[in-house]
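Heads up, the thing below is written out as structure tokens.
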Amino acid sequence: MAAALLTDEPVILRDTPNLADIRNMQRLLESLGCPTHRDGDDRKGRNMTLHANDNTLCTAHYDIVRTMRASICTLGPLLAKRGQARVSMPGGCNIGDRPVDLHLRGLEALGAHIHLDEGYIVASLPKGKRLEGARIFLGGPFGSTVLGTANVMSAAVLAKGQTVIESAACEPEIQGLADMLIAMGAKITGAGSPRIIIDGVDSLGGVDYTVMPDRIEAGTYIMAGAITNGDVILENCPVDALSAVIDRLKFIGVELEPIDETDPLRQTVRVASARRLAPVQLTTQPHPGFPTDLQAQIMALLCLADGNSIITEKIFPDRFLHVAELLRMGANLTRNGSSVLVTGVRELIGAPVMASDLRASAGLVLAGLAARGTTTINRVYHLDRGYEKMELTLQNLGADIQRVNVDAV
């Protein structure tokens, strides 16, 4: 969506879910002179049109940016296309420190002048000047940066000369963004690998692009089927982007049977699990490793495994706020630094719990599906950032779940 700021022509994005983060990004882009329009409410055919028509607006205001970290993705496109940007320091989930220094270092290497002013990142170029290609290293203490790679790549496509990004993020979403930018006229090679090479062009055109399915949403529903010993058919599943997850799930006793293998990023699969779940060791890592965004969900699943599992968090070492809530439900968990020992129990017991962030919310929902009795999860508004009406999807699969307004209780 932020890449629509790179062109004066319309951008059509297909298969865009109706999520809180997307609605917030629409608000942000509209405040930056890029009106958006969504046509149709059908889950399988929702399209969004974005058309930047006012290049004078360059400030991403705090009241919108604080709601979601992805707002930082407007920084690179604004700078490359309009020569200046003023973006509030981003907010988002409470999962530990996620500094933006790598974003800023990468843009400075391209020639931007950057300073902080009253909580805003202010980036600019000398009048009439363009960004200039450079060799940029984007590795950080916990690996590469996904949004940083997206930001620098989006800026470099309009820079003068060649840019080489080393230690680039390899996530499939970076490959998807690169495919979209290439369709707009950018020259990019190596996306999906640790080295991305970009030859700058003078301008980009519009595009009609279909967004890839959400691998984290898919992984969440796979684990929902597994934790309930269900039998679920999942459509539009990006199996090709879930290799590490599928590897660990097979070890646990969860099977994915492909039904339609025409497109490895849009498969139809059947999910089933063994009655006895085996314990496992796993470590979250940058792609193609096990994703941190599925750590809470698989922890809920392993609470019911037969034995001791060890989960080590290498991306956000403090991303364990859900541990205390799972303990309230009868889980046997012991945290030691960036690792948690999960000793399987015979059953989880429903309890009132509090969601701390988007993926912790999903993990608690999964635990509640399998727990004896009633589980009440507070602050489920986090869920709406990454799952579209999750309760309705689970209801359609037979879950006894409903969303209630606490003010009305």
Inset, instruction - Could you identify the single residue in 150, 134, 112 that is crowded, with 18+ Cβ neighbours inside 10 Å, aliphatic (A, V, I, L, M) and in contact (Cβ under 8 Å) with a residue 60 or more places away in the chain? - result: 150
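Looking only at segment 269-309, count how many residues are polar (S, T, N, Q), under 19 Å from residue 387 (Cα atoms) and touching a Leu at 6+ places or on another chain (Cβ under 9 Å).
First pass over segment 269-309, keeping only residues polar (S, T, N, Q): 273, 281, 283-285, 292, 295, 297, 308-309.
This time we only want the ones that are under 19 Å from residue 387 (Cα atoms), so: 292, 295, 297.
So of that shortlist, the ones also touching a Leu at 6+ places or on another chain (Cβ under 9 Å) come out as 295, 297.
Residues that pass the stated criteria total 2.
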Legend entry - Residue check, residue 401 surrounded by 18 or more Cβ atoms within 10 Å (Cβ to Cβ), β-branched (Val, Ile, Thr) and at negative phi: no
Inset, instruction - Can you work out which of the residues in segment 176-194 that are surrounded by 17 or more Cβ atoms within 10 Å (Cβ to Cβ) and over 18 Å from residue 11 (Cα atoms) is modelled with the lowest pLDDT? - result: 192
Legend entry - Count - residues of segment 1-25 that are out of contact with any Cys (no Cβ under 9 Å at 6 or more places or on another chain) and closer than 18 Å to residue 214 by Cβ: 12
Inset, instruction - Could you please give the count of residues in segment 270-317 that are touching a residue at least 40 places away in the same chain (Cβ under 8 Å), farther than 24 Å from residue 99 by Cβ, touching an Asp or Glu at 6+ places or on another chain (Cβ under 8 Å) and not in a loop (DSSP other than H, G, I, E, B)? - result: 3
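What number of residues within segment 97-120 are of a type in the set (Val, Ile, Thr) and farther than 13 Å from residue 149 by Cβ?
Residues of segment 97-120 that are of a type in the set (Val, Ile, Thr), as a first pass: 100, 114.
After this cut, where a residue has to be farther than 13 Å from residue 149 by Cβ as well, the list is 114.
Residues meeting the conditions: 1.
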Inset, instruction - Among the residues of segment 139-164, count how many are over 30 Å from residue 237 (Cα atoms) and either at pLDDT 95 or above or β-branched (Val, Ile, Thr) (or both). - result: 10
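Take residue 318 and tell me if it is under 17 Å from residue 295 (Cβ atoms) and either of a type in the set (Asp, Glu) or in contact with a Leu (Cβ under 6 Å, 6 or more places away or on another chain) (or both). So that I can check it myself, show each step before the final result.
Numbers: under 17 Å from residue 295 (Cβ atoms): yes; either of a type in the set (Asp, Glu) or in contact with a Leu (Cβ under 6 Å, 6 or more places away or on another chain) (or both): yes.
Yes: the conditions hold for residue 318.
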Inset, instruction - State whether the residues of segment 22-45 include one that is more than 25 Å from residue 118 (Cα to Cα), in contact with a Pro (Cβ under 7 Å, 6 or more places away or on another chain) and either assigned to a loop (DSSP other than H, G, I, E, B) or not β-branched (Val, Ile, Thr) (or both). - result: no
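The values are calculated or read from the model by the stated rules, or taken from the named source; none is laboratory data. Everything numeric here is computed off the predicted structure, so don't read it as measured data. All Cβ positions, even for glycine, are placed from backbone atoms using ideal geometry, and neighbour counts span all protein chains on display.
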